[in-house]
Amino acid sequence: MMENKEELARIITAENGKPLKEAQGEITYSASFLEWFAEEARRIYGDVIPASAKDRRVLVLKQPVGVAAIITPWNFPSAMITRKVGAALAAGCTVVVKPAEDTPLSALALGELANQAGIPAGVYNVVPCSRQQTAAVGEVLCTDPLVSKISFTGSTATGKILLKHAAGTVKRVSMELGGHAPFIVFDSANVDRAVAGALASKYRNSGQTCVCTNRFLVQKGIHDEFVEKFAKAIDKELHVGNGFDAKTTQGPLINEKAVEKVEKHIKDAVSQGASIVTGGKRHSLGKNFFEPTLLTNVTTKMLCTQEETFGPLAPVIRFETEAEAVAIANAANVGLAGYFYSQDPAQIWRVAEQLEVGMVGVNEGIISSAECPFGGVKESGLGREGSKYGIDEYLEIKYVCFGGL
Ligand code: ADP
């Protein structure tokens, strides 16, 4: 098993470039969903409901929804599959996985492991396809009456296309879509903890996760100290390079398009008055490598604060009041993760309740794990994955009434 884990991690680094250490972390994370849902399978309880008539008995059964089509992204090529497949198999569904064009190998490797683990043929199916074929394959999966459930992780734009397709046969859907995570640092925060959280939340996977911080909001009293320490930490702790080098913390971005988006956001911000504190350009290694970047004097008029960058860019907006920060944080049509640092208990409750997101990190920058519900509000999606709630996405509730007793 250890051999498999090491091999899977190497496949991930080879196909999406993330540092081997992060890939190893992903494999542990990926396996944790299979373990979690293997246990949850034993707790798919039904109910006995007190009936309204003497001669009746009422039961609730939970049944698998049926075939689940699973469409996944490249940024966690193994874990995004197991988070869905673990729940689906535990519920009793068979699955058809369509992995991202950039990362089909992890999905196929999981197929081999499924065979080794004794999963019967036909239960875990993989349909890799080219970029050109993606839309057509996606349409078949989302419109075929044999498929009962679509579970998708990816961009909001693609999610909307799949929702339209799924409407034709009224399929069950789970959607984990884009985020635009705010990371608020209040004056009362512990700056060093906030910097450590900022580094992890922003630069994990080179900024290519849907829960990565996309905009930093820092209160004016703590702003300069936070920026200075954050810049120092970026320069000292982040190393761009080949994912297979032990020292690398930042691999290449997934493709040229991703690099162009980061460049576009920086150019737009600088043209509107933002200052580059560190980074700001393609790395000297060339290709898809980009320097971890920190911008200050950022405003809400800039592109990088209006849409997901999905890259190693940290824009910092300075704010004065809590109400202002919450208003900026919530001025988005998506709401996946949000983070804030504060040591004021009343403020912690207020802000945690007010943030319009599905997941909140209070004094924590990394919050995903198998036992916690992952998902968003607004255009960040529908449904929850992982946790005791995740299995419900693959179960139907059937009410059975026994009459004439
Ligand atoms: P990203 O921008 O993160 O690559 P996408 O939403 O484009 O996000 O991709 C996520 C997944 O959705 C990938 O597996 C991709 O192949 C798939 N995908 C993209 N477009 C379509 C589509 N029209 N129909 C079905 N799947 C799609």
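Residues to consider are 188, 155, 201; find the one that is hydroxyl-bearing (Ser, Thr, Tyr), away from the ligand (no atom under 16 Å from the Cβ) and surrounded by fewer than 21 Cβ atoms within 10 Å (Cβ to Cβ).
Working: 155 fails: away from the ligand (no atom under 16 Å from the Cβ); 201 fails: surrounded by fewer than 21 Cβ atoms within 10 Å (Cβ to Cβ).
Residue meeting the stated conditions: 188.
Sort out which residues of region 161-186 are touching a residue at least 24 places away in the same chain (Cβ under 8 Å) and among the basic types (Lys, Arg), and write them in order of number.
171, 172
Just one of (1) within 17 Å of the chain's Cα centre (by Cα); (2) surrounded by fewer than 16 Cβ atoms within 10 Å (Cβ to Cβ) trips up residue 324, so point out which.
(1)
Scanning for something closer than 23 Å to residue 13 by Cβ, assigned to a helix (DSSP H, G or I) and not aliphatic (A, V, I, L, M), does region 117-129 turn up at least one residue?
No.
Condition check ((1) part of a loop (DSSP other than H, G, I, E, B); (2) of a type in the set (Val, Ile, Thr)) across all residues:
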{"position": "169", "(1), (2)": "yes, yes"}
{"position": "197", "(1), (2)": "no, no"}
{"position": "203", "(1), (2)": "no, no"}
{"position": "206", "(1), (2)": "no, no"}
{"position": "222", "(1), (2)": "no, yes"}
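If I filter region 286-295 for residues that are of a type in the set (Asp, Glu) and without any contact (Cβ under 8 Å) to a residue 24 or more places away in the chain, do I get at least one hit? Break it down into steps so the answer makes sense when it comes.
Taking region 286-295 and keeping what is of a type in the set (Asp, Glu), we get 291.
Pick out the ones that are also without any contact (Cβ under 8 Å) to a residue 24 or more places away in the chain and you get none.
No; the residues of region 286-295 include none that is of a type in the set (Asp, Glu) and without any contact (Cβ under 8 Å) to a residue 24 or more places away in the chain.
Being under 14 Å from residue 73 (Cβ atoms) and touching a Ser or Thr at 6+ places or on another chain (Cβ under 9 Å) is the filter here, so list the residues in region 135-157 that pass it.
Matches in region 135-157: 138, 151, 152, 153, 154, 156.
Within the set of pairs 6+ apart or on separate chains, which have a first residue in region 67-91 that is away from the ligand (no atom under 14 Å from the Cβ), a second that is among the β-branched types (Val, Ile, Thr) and part of a helix (DSSP H, G or I), and C-beta atoms under 7 Å apart?
Close Cβ pairs (under 7 Å, with a partner that is among the β-branched types (Val, Ile, Thr) and part of a helix (DSSP H, G or I)) amount to 87/391; 90/391; 91/391.
Among the candidates 164, 149, which residue alone is within 16 Å of the ligand (Cβ to nearest atom) and not in a helix (DSSP H, G or I)? Steps first, please.
Details: 164 fails: not in a helix (DSSP H, G or I).
From the options 164, 149, the qualifying one is 149.
Does residue 107 satisfy the criteria of being outside any loop (DSSP other than H, G, I, E, B), within 11 Å of the ligand (Cβ to nearest atom) and either touching a Leu at 6+ places or on another chain (Cβ under 7 Å) or among the acidic types (Asp, Glu) (or both)? Quick ask: steps written out before the conclusion?
Numbers: outside any loop (DSSP other than H, G, I, E, B): yes; within 11 Å of the ligand (Cβ to nearest atom): yes; either touching a Leu at 6+ places or on another chain (Cβ under 7 Å) or among the acidic types (Asp, Glu) (or both): no.
Spelling it out, it is not the case that residue 107 is outside any loop (DSSP other than H, G, I, E, B), within 11 Å of the ligand (Cβ to nearest atom) and either touching a Leu at 6+ places or on another chain (Cβ under 7 Å) or among the acidic types (Asp, Glu) (or both).
For region 167-183: of the residues being farther than 27 Å from residue 63 by Cβ and within 13 Å of the ligand (Cβ to nearest atom), which is surrounded by the fewest Cβ atoms within 10 Å (Cβ to Cβ)? Explain how you work it out, then say what you get.
Step one: of region 167-183, the residues farther than 27 Å from residue 63 by Cβ are 177-183.
After this cut, where a residue has to be within 13 Å of the ligand (Cβ to nearest atom) as well, the list is 177-179.
Details: 177: 26, 178: 22, 179: 28.
Selected residue: 178.
Go through region 246-296 and report how many residues are among the hydrophobic types (A, V, I, L, M, F, W, C) and part of a loop (DSSP other than H, G, I, E, B). Before the answer, list the steps.
To start, the set of residues in region 246-296 that are among the hydrophobic types (A, V, I, L, M, F, W, C) comprises 246, 253-254, 258-259, 262, 266, 269-270, 274, 276-277, 285, 289-290, 294-295.
Still in the list and also part of a loop (DSSP other than H, G, I, E, B): 246, 253-254, 274, 285, 289.
Residues flagged as among the hydrophobic types (A, V, I, L, M, F, W, C) and part of a loop (DSSP other than H, G, I, E, B) within region 246-296 amount to 6.
All but one of (1) more than 20 Å from residue 70 (Cα to Cα); (2) without any contact (Cβ under 8 Å) to a residue 60 or more places away in the chain; (3) under 13 Å from the mean Cα position of the chain (by Cα) hold for residue 352, so report the exception by its number.
Evaluating residue 352 over (1) more than 20 Å from residue 70 (Cα to Cα); (2) without any contact (Cβ under 8 Å) to a residue 60 or more places away in the chain; (3) under 13 Å from the mean Cα position of the chain (by Cα) leaves (3) as the failure.
Which numbered condition in (1) within 26 Å of the chain's Cα centre (by Cα); (2) part of a helix (DSSP H, G or I) is the only one that residue 236 fails?
(1)
Which residues, counting only those in region 234-278, are among the small types (Gly, Ala, Ser), crowded, with 18+ Cβ neighbours inside 10 Å and over 22 Å from residue 100 (Cβ atoms)?
Quick first cut of region 234-278, residues among the small types (Gly, Ala, Ser) only: 241, 243, 246, 251, 258, 269, 271, 273-275.
Cutting the leftovers down to crowded, with 18+ Cβ neighbours inside 10 Å gives us 243, 251, 258, 269, 274.
Hits for region 234-278 are 269, 274.
Which numbered condition in (1) out of contact with any Asp or Glu (no Cβ under 9 Å at 6 or more places or on another chain); (2) more than 26 Å from residue 379 (Cβ to Cβ); (3) within 12 Å of the ligand (Cβ to nearest atom) is the only one that residue 138 fails?
(2)
Let me confirm something: among 352, 346, 370, which residue is surrounded by 15 or more Cβ atoms within 10 Å (Cβ to Cβ), within 28 Å of residue 325 (Cβ to Cβ) and of a type in the set (Gly, Ala, Ser)? Walk me through how you get there before you give the answer.
Values: 346 fails: surrounded by 15 or more Cβ atoms within 10 Å (Cβ to Cβ); 370 fails: within 28 Å of residue 325 (Cβ to Cβ).
The unique qualifying residue is 352.
In region 119-135, which residues are over 26 Å from residue 310 (Cα atoms) and either of a type in the set (D, E, K, R) or within 8 Å of the ligand (Cβ to nearest atom) (or both)?
Once the filter is applied, which keeps residues that are over 26 Å from residue 310 (Cα atoms) and either of a type in the set (D, E, K, R) or within 8 Å of the ligand (Cβ to nearest atom) (or both), region 119-135 yields nothing.
So the check is Cβ under 7 Å with 6+ separation or different chains; which pairs have a first residue in region 107-128 that's in contact (Cβ under 8 Å) with a residue 12 or more places away in the chain and a second one that's among the aromatic types (Phe, Trp, Tyr)?
111/124
FYI, it's all coordinate maths here, none of it is from the lab. What you see is a predicted model, and the numbers here were worked out from it, not measured in a lab. FYI the Cβ positions are ideal-geometry reconstructions off the backbone, even for glycines, and counts take in every protein chain you see.
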